[in-house]
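Asker: I'd like to ask you about the structure that follows.
Read-outs throughout are calculated quantities, based only on the coordinates presented, and are distinct from any laboratory measurement. These numbers come from a predicted model, not from an experiment. Cβ atoms come from the backbone with ideal geometry, glycine included; neighbour counts cover every protein chain shown.
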Amino acid sequence: MTVQPVVQIQPVPSRLGYRMPAEWEPHQATWLAWPTDLKTWPEELKEVEASYVEMVEALHLGEEVHLLVRDQTLREYVSGLLTNRGIKKNVFYHEVKTVSNWIRDYGPMFLVRGGSEMAYCGWRFNGWGGKCPAACADGEVPKQLAPLLRTLQFEPEMILEGGSVEVNGAGMLMTTEQCLLNRNRNPNLNRSEIERFLNDFFGVDRILWLGRGLAGDDTDGHVDTLARFVDVKTVVACTEENQNDENYEVLRNNWDRLRHWKGLLNLVPIPMPGMVQNRTGRVPANYANFYIANTCVLVPQYEHPNDARAVEILRELFPKKKTVGISCIPLIYGCGGLHCATQPQPAHSASRK
């Protein structure tokens with residue numbers, strides 16, 4: 001008699017009543033991984049650290065800030081930087097080794113159920129389609145944080161980065177074809193199978209597919225550099241005014257795709273900051289990579305005239321929150337920004353708005 005192997009079927013979060021909350025819903029905390037990459041920032045790391053200090057300074061006034069630091073030495077160093085700025089409360093340190101500081105892409109992606117329960121997904125991570133093999137180790141961070149989070153963890157059998165999806169907390173998700181359908185992520189899955197994962201693990205029932213991402217984006221077109229929900233029905237989307245810019249047609253195509261949802265969505269254009277380059281070429285500078293916290297909205301700044309326009313647009317959309325401009329040069333040299341650097345943990349009382 002042949003004994004059949006036991007197949008364990010993982011529960012599906014959406015069938016258990018879980019959903020991914022929108023970023024503007026109440027936070028318990030924001031998670032950050034302190035930057036240490038001298039290969040990316042051989043001369044600019046101190047400036048990048050200064051941007052992180054500015055982020056923590058704004059965030060800690062309205063929610064907890066949890067910092068991943070590789071060891072005790074770095075913990076003491078970062079603590080000193082923050083203390084010198086008068087930041088002494090609501091900051092918690094965890095000695096967890098990371099290769100990359102872009103915790104949005106590999107960190108725990110939190111879910112909520114009702115008004116009191118939280119869980120999270122630890123998606124598979126392959127270093128942005130194999131471009132950064134060393135960073136694959138960061139895919140273990142959700143498991144490493146399990147003793148701290150002490151809540152239900154789901155492990156979808158699919159590669160996905162947090163910056164590649166955007167939700168409104170009420171059943172709608174945005175993503176891009178360039179990233180999620182890329183053969184360097186999940187070559188064994190087709191579009192409908194990927195959509196099933198998104199439906200099952202994020203609790204969504206409508207998926208809005210954008211096309212391609214920005215020039216110089218080594219993530220293959222993360223949506224958080226293109227378009228963001230700011231409430232259940234409103235999307236802020238990047239538009240390029242210079243017809244000679246290589247992003248012009250890409251962003252116009254994405255805008256046209258968003259217009260097909262006009263009956264369900266209100267669209268707000270946000271400008272671009274022009275071309276920003278590092279040592280190897282163009283990087284994906286944009287204003288869509290803002291971060292919505294409990295009491296503030298962090299807005300990327302690039303020493304460009306459109307910086308003020310971006311701040312004003314978001315100030316009008318979030319009149320009850322403080323709009324804080326954060327220098328993202330040279331942070332963007334690492335092809336990431338404020339949203340990429342943050343991972344929100346919902347408050348247990350999170351509820352839809």
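Asker: Run Met174 past the list (1) over 16 Å from Gln345 (Cα atoms); (2) surrounded by fewer than 21 Cβ atoms within 10 Å (Cβ to Cβ) and report the number of the one that doesn't hold.
Answerer: Result: Met174 fails condition (2) only.
Asker: Let me ask something else about it. Do you know which of the residues in the range 138-165 that are under 25 Å from Asp37 (Cα atoms) and free of Cβ contacts under 8 Å to residues at least 40 places away in the same chain is surrounded by the most Cβ atoms within 10 Å (Cβ to Cβ)?
Answerer: Taking the candidates together, the pick is Leu160.
Asker: To continue, here is another question. I'd like to know if the range 126-146 contains one or more residues that are more than 19 Å from the chain's Cα centre (by Cα), within 25 Å of Ala347 (Cβ to Cβ), assigned to a helix (DSSP H, G or I) and not basic (Lys, Arg).
Answerer: yes
Asker: Among the residues of the range 32-58, which ones are within 24 Å of Phe92 (Cβ to Cβ) and either without any contact (Cβ under 8 Å) to a residue 60 or more places away in the chain or in a loop (DSSP other than H, G, I, E, B) (or both)?
Answerer: Trp34, Pro35, Thr36, Asp37, Leu45, Lys46, Glu49, Val53, Val56, Glu57 - these are the residues of the range 32-58 that are within 24 Å of Phe92 (Cβ to Cβ) and either without any contact (Cβ under 8 Å) to a residue 60 or more places away in the chain or in a loop (DSSP other than H, G, I, E, B) (or both).
Asker: Only one of Thr151, Thr176 is among the β-branched types (Val, Ile, Thr) and more than 20 Å from the chain's Cα centre (by Cα). Can you tell me which?
Answerer: Thr151
Asker: Okay, moving on. Test each condition in (1) out of contact with any strand residue (DSSP E or B) (no Cβ under 9 Å at 6 or more places or on another chain); (2) among the aliphatic types (A, V, I, L, M); (3) surrounded by 23 or more Cβ atoms within 10 Å (Cβ to Cβ) for Leu180 and report the one that comes out false.
Answerer: (1)
Asker: Would you please name the residue that is surrounded by the most Cβ atoms within 10 Å (Cβ to Cβ), looking only at residues in the range 59-88 that are in contact (Cβ under 8 Å) with a residue 12 or more places away in the chain and among the acidic types (Asp, Glu)?
Answerer: Restricting to residues being in contact (Cβ under 8 Å) with a residue 12 or more places away in the chain and among the acidic types (Asp, Glu), the top hit is Glu63.
Asker: Here is a further query. Which one of these does Gly221 not meet: (1) at positive phi; (2) over 16 Å from the mean Cα position of the chain (by Cα)?
Answerer: So the condition that Gly221 fails would be (2).
Asker: Using the structure shown, decide if Pro300 is under 19 Å from Val48 (Cα atoms), surrounded by 14 or more Cβ atoms within 10 Å (Cβ to Cβ), touching a helix residue (DSSP H, G or I) at 6+ places or on another chain (Cβ under 6 Å) and of a type outside the set (Asp, Glu).
Answerer: Considered against the rule, which asks whether it is under 19 Å from Val48 (Cα atoms), surrounded by 14 or more Cβ atoms within 10 Å (Cβ to Cβ), touching a helix residue (DSSP H, G or I) at 6+ places or on another chain (Cβ under 6 Å) and of a type outside the set (Asp, Glu), Pro300 comes out as no.
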